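Below: one structure, written as structure tokens.
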């Protein structure tokens, strides 16, 4: 069974969805037969990195709302994240374009480290407040998951894996993805958003039954 997951490492519901999916996979009888392939997606490709601006102000500005409204919205997401064991620290988060982080993920996939890269980048952004657009930071994160930091740095200084990122984004749109997370199971079933664990399990079981 092949499961393709489109996500953006700056998407709070993508990290939550990852955890809920993982919980479903733990109780799925055929979990050892599952192949997971992470795919790149950018919620805001044109986002300019803004290290000096907090996420509360950023969301308020793009939504035309007050900062107080934004803080309340983020508090709700923090609570949802806690329910799946995640510690979101939006007070630390750095507004950054995720394109180069996706190139790192593409590189990691070549070494069977796609999931490790996703997990490390999610944690770096949402909990540690790291700037995921900073090339030195990305090289360090790559080294932490087992990649050669010098090779990561050389890749980031080039255009390598640019086309792979763009191809993933285009493919998601062709499949009708309206946003992320977007889970596709054997190109037969699609699950949109950070659904509850039971929903993911139902989709997995339905696909397995159909294959059988």
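Restricting the first member to the stretch 130-151 and to residues that are surrounded by fewer than 15 Cβ atoms within 10 Å (Cβ to Cβ), and the second to residues that are not in a helix (DSSP H, G or I), the beta-carbon pairs closer than 8 Å and six or more apart or on different chains are 146/111; 146/113.
Of the candidates 61, 75, 33, the single residue that is out of contact with any helix residue (DSSP H, G or I) (no Cβ under 7 Å at 6 or more places or on another chain) and under 27 Å from residue 184 (Cα atoms) is 33. Here the stretch 23-46 is the region considered, the condition is being surrounded by fewer than 16 Cβ atoms within 10 Å (Cβ to Cβ) and within 16 Å of the chain's Cα centre (by Cα), and the residue that is farthest from residue 111 (Cα to Cα) is 44. Taking the condition in contact with a strand residue (DSSP E or B) (Cβ under 8 Å, 6 or more places away or on another chain) and either part of a helix (DSSP H, G or I) or closer than 22 Å to residue 77 by Cα (or both), does residue 39 pass? No: the conditions fail for residue 39.
Filtering the stretch 79-112 to residues that are crowded, with 18+ Cβ neighbours inside 10 Å and without any contact (Cβ under 8 Å) to a residue 60 or more places away in the chain leaves 90, 93, 94, 95, 97, 100, 104, 107, 108.
In the set (1) at pLDDT 95 or above; (2) surrounded by 14 or more Cβ atoms within 10 Å (Cβ to Cβ); (3) under 18 Å from the mean Cα position of the chain (by Cα), residue 49 fails one condition alone, (1). Residues of the stretch 172-185 that are under 16 Å from residue 210 (Cα atoms) and either modelled with pLDDT under 95 or out of contact with any helix residue (DSSP H, G or I) (no Cβ under 8 Å at 6 or more places or on another chain) (or both): 184 alone. The residues in the stretch 137-187 that are within 24 Å of residue 13 (Cβ to Cβ) and assigned to a loop (DSSP other than H, G, I, E, B) can be counted, and the count is 10.
On the basis of being farther than 29 Å from residue 196 by Cβ, modelled with pLDDT under 95 and out of contact with any helix residue (DSSP H, G or I) (no Cβ under 7 Å at 6 or more places or on another chain), does residue 148 make the cut?
no
The values are calculated or read from the model by the stated rules, or taken from the named source; none is laboratory data. Bear in mind the structure is a predicted one, so any value in this text is a computation, not a measurement. Every residue, glycine among them, receives a Cβ derived from its backbone with ideal geometry; neighbour counts consider all protein chains shown.
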